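One structure is given below, encoded as structure tokens.
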Amino acid sequence: DKKDEINLRLSYAIKEISHYKEYSYVLINQNVQQTVNEISEIIKTNLIIEKNKKLTERKIKSLINI
């Protein structure tokens, strides 16, 4: 890539990185396999959270007879 293109992409990256606090997860892809593992764990965690939310909702509804 040309130096100007690289500098432009880096400037975009710096702007994006400055918003890291807005996200639940931030992955730094330095090792592909490690990043894949982290993504897998995030997906598993979110599936568990959603499952627990649904279970809790069903239990609460049954308790209050809805």
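The values are calculated or read from the model by the stated rules, or taken from the named source; none is laboratory data. Keep in mind it's a predicted model, so treat the numbers as computed, not measured. All Cβ positions, glycine included, derive from the backbone under ideal geometry; neighbour counts span all protein chains shown. We work out accessible area using only protein heavy atoms, side chains counted, and drop any ligands, DNA or RNA first. Shrake-Rupley method; radii C 1.70, N 1.55, O 1.52, S 1.80 Å.
When region 1-16 is examined, which residues are found to be among the basic types (Lys, Arg) and either surrounded by 10 or more Cβ atoms within 10 Å (Cβ to Cβ) or in a helix (DSSP H, G or I) (or both)? Don't jump to the end; show me each part of the working.
Within region 1-16, the subset among the basic types (Lys, Arg) is 2-3, 9, 15.
Listed by number, the residues that qualify are Lys3, Arg9, Lys15.
Within region 31-66, which residues are outside any helix (DSSP H, G or I) and at pLDDT below 95?
Residues satisfying the conditions are Ile64, Asn65, Ile66.
Counting only residues that are among the aliphatic types (A, V, I, L, M) and open to solvent by less than 100 Å² (accessible area, probe 1.4 Å), how many does region 28-47 have? First the steps, then the outcome.
At the first step, the residues of region 28-47 found to be among the aliphatic types (A, V, I, L, M) are 28, 32, 36, 39, 42-43, 47.
Okay, now just the ones that are also open to solvent by less than 100 Å² (accessible area, probe 1.4 Å), so 36, 39, 42-43.
Residues that pass the stated criteria total 4.
Does Tyr25 satisfy being open to solvent by 80 Å² or more (accessible area, probe 1.4 Å) and touching a helix residue (DSSP H, G or I) at 6+ places or on another chain (Cβ under 8 Å)?
Details: open to solvent by 80 Å² or more (accessible area, probe 1.4 Å): yes; touching a helix residue (DSSP H, G or I) at 6+ places or on another chain (Cβ under 8 Å): yes.
In short, yes.
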